[in-house]
Structures are given as structure tokens and as C-alpha cells.
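Undergrad: Just dropping this structure here.
The values are calculated or read from the model by the stated rules, or taken from the named source; none is laboratory data. All values derive from a computational prediction rather than experimental measurement. All Cβ positions, even for glycine, are placed from backbone atoms using ideal geometry, and neighbour counts span all protein chains on display.
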Amino acid sequence: MFRDPIGYRIKTLSNLMKRNMDKHLGPQHDRATMMQTWIIGFIQLRDSEGKDTFQKDIEEEFSINRSTTSEMLTLMNKRGLIERVPVDYDGRLKKIVLTKKSLEIHEWINQAMMQLHDKLTDGLTTQQIETFIDVADHMIQNMSKNEQESTD
């Protein structure tokens, strides 16, 4: 059986990152999942740039489908991490807003994510990190293009 040497490593790395994050942050029931922490960070960054964030922005940023995004945002809303707020200019749209609770944990989450990043990149040169990012971005584009071609 063919074992994709790249896909295999990506999945293994993802599993290891999740386990490290879970170990560092504790049980999942009293905190955000790793994906939720990335979403909180994404919304916080857009807020700091003066941009509203909508479900579609999250779908595009993280390459996740509409139903998965909707379920995740519903859970985040139930946990008190976000609110969905209508916008004045379009009754169909609801922007995603961080709550006081998520803003309070954002800094703590950010510190944990920086520590994970430091562990992940330990011993790598700046050039190696930049090369990895370039290659990974290209692979993401390839897979996104392939996914779009499959649905056409």
C-alpha cells in the first residue's frame, strides 16, 4: 500500500501538535479547542485591523466547509466565546464578535500558541521556516484547486 510521505507527515505533525496543546492547556471541557483558538486569534487580528469577520471569512481562512464552520461557531457561541451580531447594512449577515470571556483567555491562548510554535521550530533556521511556509502554501493552493475542480 502506498503511504504518501508528505500527507503522512502532515497528519502526524497535526496529531502531535494537538497532543502537545492538550497537554499544555489541560482538559478540553474547560477551554477552547486548538481550532477554536486559531479562530479566536483570526477574529482578534481582523478586529485589530478594523475588519468585521463573518462565517465565510473563517471558511476561507481555514479551508473548512460551511456546515463544519457553522457547527464550530454554534459550539463556540454556546461556550460563550463568540456572539453572532447582525449588521446594519444587510439583515442576512451576522458578524462574529469575540466575547469578554474569549478576550480574557486570548492572551493566555496566544502565549501557549507561541510556546507551541517555538517547540515546533526549535533548531530550524529562518530560511528553513520560510521555505516550509512557501511549500505548505503551495500545497494548500494545489489541494484547494483540486477540491474546486472536483466539485465543478
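Undergrad: Please work out which one of (1) of a type in the set (Ser, Thr, Tyr); (2) farther than 27 Å from ASN142 by Cα; (3) under 16 Å from the mean Cα position of the chain (by Cα) is the condition SER70 fails and give its number.
TA: The failed condition is (2).
Undergrad: Taking the condition of being modelled with pLDDT of 85 or more and touching a Phe, Trp or Tyr at 6+ places or on another chain (Cβ under 9 Å), how many residues in the stretch 70-117 meet it?
TA: Number of matching residues: 5.
Undergrad: For the stretch 59-84, which positions are in a loop (DSSP other than H, G, I, E, B), under 11 Å from THR99 (Cβ atoms) and not aliphatic (A, V, I, L, M)?
TA: ARG79, GLY80 - these are the residues of the stretch 59-84 that are in a loop (DSSP other than H, G, I, E, B), under 11 Å from THR99 (Cβ atoms) and not aliphatic (A, V, I, L, M).
Undergrad: Here's another thing I want to ask about it. Among residues belonging to the stretch 120-142 that are in contact (Cβ under 8 Å) with a residue 12 or more places away in the chain and surrounded by 12 or more Cβ atoms within 10 Å (Cβ to Cβ), point out the one that is farthest from ASP52 (Cα to Cα).
TA: LEU120
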